[in-house]
Amino acid sequence: MNHICIICGRAGVSLKDILPATLAPPGNGTAIYCDEHVAAYSSLIDHFSSQLDVLNALAGVRPFPITRHAREQVVRGALALSTRMGSAEGLRAIAYVLQTYFARYFGEIARSAALDELKHYTLGETRGVFVWWDTELPADYPHNAFSFGHRIAVGVDPDSGQIFGRLSLFSTFHFAATLGIVSSVEDRPKGAVMVDIDPLTDLSMHSVFQSTINPIGLIPQKPVDHSETHAQSVVSERSVMSLARLIANMYDFRARRTASRLVEGLSEARANSASLDGCFSGLHGELTQHAFHLLQHAIDLFVTAPEIAPIEDVVRALVLTEGETMEQLSPHAKVSVHLARDAIVTKLAEDFIDDRLTSERAFSLIAGDAGVAAIIELMLVPVVRRFTELI
Ligand SMILES: [Zn+2]
């Protein structure tokens with residue numbers, strides 16, 4: 001029974017490749033779809049993967065609100081994201097993810113008639129309103145096991161028999177859904193399943209936390225004014241704000257992680273009388289990325305000084321040209337970023353040797369005010385002094 005396709009009852013294939021890799025449920029599990037139905041859902045799977053790609057790409061942009069550019073990027077990104085997720089295809093893709101998770105944990109019900117309407121909908125044979133953007137999470141919804149974790153929860157309301165699902169991406173974008181009805185009271189499972197997934201770890205070893213909880217309190221309420229059109233038009237300030245906050249928080253989180261890794265590594269190197277350089281080169285990529293963000297901020301601050309204001313254009317042209325990501329920078333802008341990183345590394349090493357480098361101080365140098373000050377002092381001031389001496 002549990003190895004047959006939930007749609008057509010033919011022999012099923014494995015659980016692999018039926019969801020984007022980052023959202024795969026734990027365990028190898030039982031088969032859910034046959035080859036033909038995996039193929040039928042492939043465009044929804046691709047659609048969902050591309051939405052995650054947008055989020056992942058945005059999570060790598062410089063933190064809001066350092067530049068107007070960055071803000072525009074966030075707004076554009078949020079619009080693109082909302083438009084895609086709120087589209088008929090986007091909501092159908094979410095319904096498919098929830099259907100698949102429900103089948104993973106409640107195979108018998110998923111193979112019964114309880115999900116018939118949902119299956120017609122996810123296969124694109126009918127229209128309907130199964131999924132909506134969820135603006136109010138349950139009051140006692142447990143915290144995600146991971147910072148910025150994804151979450152999928154599925155279960156059945158023991159009173160009404162309503163099958164429901166919830167999906168959160170990066171702990172920021174929330175969706176809720178009704179998936180069907182279990183009419184017979186004794187067939188209603190007592191526990192709902194909640195799966196948290198860490199999107200920030202390496203894909204090959206992504207961490208998953210699965211728990212069984214009481215479904216009461218998780219049951220979503222479909223908005224009263226809900227219609228298909230409404231579901232597709234939620235492109236609001238809210239999603240722009242959520243995305244901006246997500247990007248800023250992720251940036252902070254990453255910088256703190258780099259800072260504590262660095263301080264740990266340096267202490268270990270000192271204990272083993274090893275060279276400190278290895279610690280910095282081990283974090284080369286992360287430090288460069290942070291230096292790139294800080295440099296932009298340092299320049300904006302530096303050119304406000306009265307003696308620099310008249311040569312603002314020269315300074316900007318000297319040290320950095322526009323570019324959204326490290327990869328898009330011109331060769332000379334890359335040199336500037338490297339100089340900025342060297343300035344930060346110099347301060348980090350100095351502070352460590354003087355026993356002043358706490359994780360907090362390292363964080364401030366890598367991604368905060370201390371880093372901006374270091375770049376101004378060790379890079380921008382000398383460059384401009386030399387430049388003005390020569391012209
Ligand atoms: Zn099938």
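Things to note:
- In plain terms, the chain from Glu350 to Asp116 could stretch by 77.6 nm, reckoned as 0.36 nm per residue minus the Cα-Cα distance.
- Gain in span if fully extended, Glu108 to Asn272, counting 0.36 nm per residue against the direct Cα distance: 53.2 nm
- The Cα-based radius of gyration and maximum Cα-Cα distance (Dmax) for segment 84-176 are 13.4, 38 Å.
- Taken over the Cα atoms of segment 247-390, the convex hull encloses 119 Å³ per residue.
- Per-residue Cβ neighbour rank within 10 angstrom, fewest leading, Ser273, Ser267: Ser273, Ser267
- Between Thr388 and Met241, the FRET efficiency from the beta-carbon distance, with R0 = 35 Å, is close to 0.25.
- Shown for His290, His174: other C-beta atoms within 10 Å of each C-beta, ranked fewest to most, produce the order His174, His290.
- Each other residue within a Cβ distance under 12 Å of Arg188 adds +1 if Lys or Arg and -1 if Asp or Glu, for a net charge of -4.
- Close amide-amide hydrogen proximity is noted between Leu179 and Ile163, Phe164, Gly165, each under 5 Å apart and 5 or more residues distant or on a separate chain (H modeled in the peptide plane; Pro and chain starts excluded).
- Positive contributions from Lys and Arg (+1) and negative ones from Asp and Glu (-1), summed over other residues with Cβ under 14 Å from the Cβ of Ser160, come out at -1.
- Extension reserve of the Ala139-Val185 stretch, reckoned as 0.36 nm per residue once the Cα distance is removed: 13.9 nm
- Order of Asp351, Asp313 - criterion: other Cβ atoms within 10 Å of each residue's Cβ, fewest first: Asp313, Asp351
- Remark on segment 299-384: ratio of C-alpha radius of gyration to 2.2 N^0.38 Å is 1.16.
Values quoted throughout were computed directly from the atomic coordinates according to the rules given, and no laboratory measurement underlies them. Here the structure is a predicted model, which is why all the values come from computation and not from measurement. Glycine gets a Cβ as well: all are built from the backbone with ideal geometry, and neighbour counts include every protein chain shown.
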